[in-house]
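Data block below; observations after.
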Amino acid sequence: RRVHGGGCLPSIKPIYKKLNQENMCDASQAAAYYKVSSHEAKKGEFKKCLLLFSGGLDTSVMLKWIKEQYECEMIALTIDIGQMADNMDEIKAKALKLGALEAIVYDAKKEFAETILTEAIMANADYQGGYSLGCPLGRVMISKIAVEVANKYDCQVIAHGCTGKGNDQVRFEGYITTLNPNLKTIAPVREWGMGREEELRYAEEHGIPVRQKKESPYSYDENMWSNTAEGGEIENPSLIPPLERILLWCNTVDTAPAEGANVQIHFHRGVPTMQCG
């Protein structure tokens, strides 16, 4: 689950078989992820990989892991769709330090706002009574640009940092293979068998600087339309997430101002054009 008020599609569980050298890169695992989809990349079949790089825990570990396990060149792509917490210059420098051949920062804020978000607003896009679909809409924009950049830089594979247990992996791989059926994908989280604690340990052992710590293991997916969190207690339905430590954009009810405020939003032909208050 994620803290955003929305629902999730049923989990897609990976298929496991005994170690198969053709389909698995890390021979140290006794049980391995077995690739069965035609769009999944295999070691030795490509030379250059485009990684959707946020600079967070998962993709920072992935940049080094993919380069070593698949023995390929890495291009890092960071797409700006309005995430306020990210410093794009720092993310670019980090990607290059971790071994990326090139690190690209793509400003897609205007395109994201004027195409995807505008259509969503006009359609009153909403999921299960309150989730504004910020993460899914962002994936559409990211996938479109990723395919364009992969074609430009002659990358045969696109790697993403989805958790491998939800619908994000389906979004990315569905969009990417629809836009260019010749592109393959890598989802390291489905392969490497590492959880958050193992990733943190891998990052520490390989000198990879990350913001997450064992005491604060949360990861965020942010764009100009929404901000969702995952990790820690959020992953365990039996626990109550400490929202005061997780929420970045809003307050809990008990910490909100005592008095409300009126906000006016002006629309023109279904598109918001101005905010007052």
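The values are calculated or read from the model by the stated rules, or taken from the named source; none is laboratory data. Nothing here was measured: the structure is a model prediction, and the numbers come from that model. A quick note on method: Cβ atoms are made from the backbone with ideal geometry, for glycine too, and the neighbour counts reach across all protein chains shown. Note: accessible area is taken over every heavy atom of the protein model, side chains too, but ligands, DNA and RNA are not part of it. Shrake-Rupley method; radii C 1.70, N 1.55, O 1.52, S 1.80 Å.
Things to note:
- Of all the listed residues (Val140, Val170, Val189), the sole one being within 27 Å of Lys97 (Cβ to Cβ), open to solvent by 10 Å² or more (accessible area, probe 1.4 Å), in a helix (DSSP H, G or I) and of a type in the set (Val, Ile, Thr) is Val189.
Residues are listed down the side, and each one gets a yes or a no for (1) farther than 16 Å from Gln156 by Cβ; (2) of a type in the set (S, T, N, Q); (3) touching a strand residue (DSSP E or B) at 6+ places or on another chain (Cβ under 6 Å):
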| site | (1), (2), (3) |
| --- | --- |
| Leu50 | no, no, yes |
| Ser54 | yes, yes, no |
| Thr59 | yes, yes, no |
| Glu71 | no, no, no |
| Met74 | no, no, yes |
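- Within region 216-258, the residues that satisfy the criterion of being out of contact with any helix residue (DSSP H, G or I) (no Cβ under 9 Å at 6 or more places or on another chain) and farther than 28 Å from Asp126 by Cβ are Ser238, Ala258.
- Within region 218-277, the residues that satisfy the criterion of being assigned to a loop (DSSP other than H, G, I, E, B) and among the aromatic types (Phe, Trp, Tyr) are Tyr218, Trp225, Trp249.
- Just one residue in the set Ile234, Ile176 is in contact with a strand residue (DSSP E or B) (Cβ under 6 Å, 6 or more places away or on another chain), closer than 22 Å to Ala95 by Cβ and of a type in the set (A, V, I, L, M); that residue is Ile176.
- Scan of region 153-166 for residues that are over 16 Å from Gly231 (Cα atoms) and either in contact with a His (Cβ under 8 Å, 6 or more places away or on another chain) or polar (S, T, N, Q) (or both), ordered by number: Gln156
- In region 39-92, the residues that are in a loop (DSSP other than H, G, I, E, B) and either crowded, with 21+ Cβ neighbours inside 10 Å or polar (S, T, N, Q) (or both): Ala41, Phe53, Ser54, Gly55, Cys72, Ile81, Gln83, Asn87
- Residue tally, condition surrounded by 19 or more Cβ atoms within 10 Å (Cβ to Cβ), at pLDDT below 90 and farther than 20 Å from Tyr70 by Cα, over region 143-166: 0
- Scanning region 173-186 for residues that are open to solvent by less than 10 Å² (accessible area, probe 1.4 Å) and outside any loop (DSSP other than H, G, I, E, B) gives Ile176, Thr185, Ile186.
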